[in-house]
1. For the structure I just gave you, tell me whether residue 28 is crowded, with 16+ Cβ neighbours inside 10 Å, touching a Gly at 6+ places or on another chain (Cβ under 9 Å) and not acidic (Asp, Glu).
2. Any residue in the stretch 18-46 that's closer than 16 Å to residue 147 by Cα: show its pairings with residues that are of a type outside the set (A, V, I, L, M, F, W, C) and at pLDDT 85 or above at Cβ separation under 6 Å, as long as the two are six or more apart or on different chains.
3. So is residue 157 in a helix (DSSP H, G or I), in contact with an Asp or Glu (Cβ under 8 Å, 6 or more places away or on another chain) and in contact (Cβ under 8 Å) with a residue 12 or more places away in the chain or not?
4. Which ones in the stretch 69-121 are polar (S, T, N, Q), at pLDDT 95 or above and farther than 30 Å from residue 46 by Cα?
5. When residues of the stretch 86-141 are filtered for being part of a helix (DSSP H, G or I), within 30 Å of residue 72 (Cα to Cα) and of a type in the set (A, V, I, L, M, F, W, C), how many remain?
6. Could you list, ordered by first residue, the pairs with Cβ atoms under 6 Å in which the first is in the stretch 70-89 and within 23 Å of residue 12 (Cα to Cα) and the second is surrounded by 12 or more Cβ atoms within 10 Å (Cβ to Cβ) and not aliphatic (A, V, I, L, M), at least 6 apart or interchain?
7. Could you check, for the stretch 52-71, whether at least one of its residues is of a type in the set (Ser, Thr, Tyr) and under 20 Å from residue 146 (Cα atoms)?
8. Restricting attention to the stretch 111-136, report how many residues are in contact (Cβ under 8 Å) with a residue 24 or more places away in the chain, over 16 Å from the mean Cα position of the chain (by Cα) and surrounded by 15 or more Cβ atoms within 10 Å (Cβ to Cβ).
Amino acid sequence: MQPLFLALSYFAHLVATVVWIGGLVTLTVFVWPETKRVLADNPALYDFLTRLRKRFVPLTNFSLVVLVFTGFVQMSANKYYDGVLKLDNDWSRLLLLKHIAILGMVMCGLVLQYNVTPALERASMLRERGKGDAAEWEKLRRREVRLTWVNMALGLAVLGFTAWMTAL
């Protein structure tokens, strides 16, 4: 494989990783706790969180596509890669663990994107109009936060497996 193509693949992979996992860390550790503290039950909280999700989700979805494509490029170029599910060396076993963690991230993302987020946005619209159930919104919000924390932890596991693989 051409070194320039491989270098571009690594670059795109790193940028997509920063967007996806860096975004999760930023949201989970910084944005959500401070937003909740500052806005509390202000109706602007619901609108802000909805707008934040609508900006973040397309970026993470695009990052996932980039990560899959560039990951395949890098995997096929690696001297330790012997084929699909050939677990003959530590690198291949770590790659399997990394892929399991990525699959967990994707599953969390799908549940968030197609289950929790739509319900949360409906509950937010009702709350903005003074008609919603505060307990239901809070329950959905806790679920969103919990799944995002799990997603972030899995993302850090992916980074850990990647570091370990790189050290081999």
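1. On the way: crowded, with 16+ Cβ neighbours inside 10 Å: yes; touching a Gly at 6+ places or on another chain (Cβ under 9 Å): no; not acidic (Asp, Glu): yes.
It is false that residue 28 is crowded, with 16+ Cβ neighbours inside 10 Å, touching a Gly at 6+ places or on another chain (Cβ under 9 Å) and not acidic (Asp, Glu).
2. Filtered contacts from the stretch 18-46: 20/60; 20/63; 21/155; 24/151; 24/155; 28/148.
3. For residue 157, the condition - in a helix (DSSP H, G or I), in contact with an Asp or Glu (Cβ under 8 Å, 6 or more places away or on another chain) and in contact (Cβ under 8 Å) with a residue 12 or more places away in the chain - is not met.
4. Within the stretch 69-121, the first condition is being polar (S, T, N, Q), and the residues that meet it are 70, 74, 76, 78, 89, 92, 113, 115, 117.
Checking the rest, the ones that are also at pLDDT 95 or above come to 70, 115.
Within the stretch 69-121, 70 is the sole residue that qualifies.
5. Total meeting the criteria: 16.
6. 70/9; 70/13; 73/9; 74/9; 75/81; 80/89; 80/91
7. So in the stretch 52-71, the residues of a type in the set (Ser, Thr, Tyr) come out as 60, 63, 70.
Imposing the further condition that a residue be under 20 Å from residue 146 (Cα atoms) reduces the set to 60.
Among the residues of the stretch 52-71, at least one is of a type in the set (Ser, Thr, Tyr) and under 20 Å from residue 146 (Cα atoms), which makes the answer yes.
8. 5
The values are calculated or read from the model by the stated rules, or taken from the named source; none is laboratory data. Predicted, not measured: the structure shown is a model, and the values here were computed from it. All Cβ positions, even for glycine, are placed from backbone atoms using ideal geometry, and neighbour counts span all protein chains on display.
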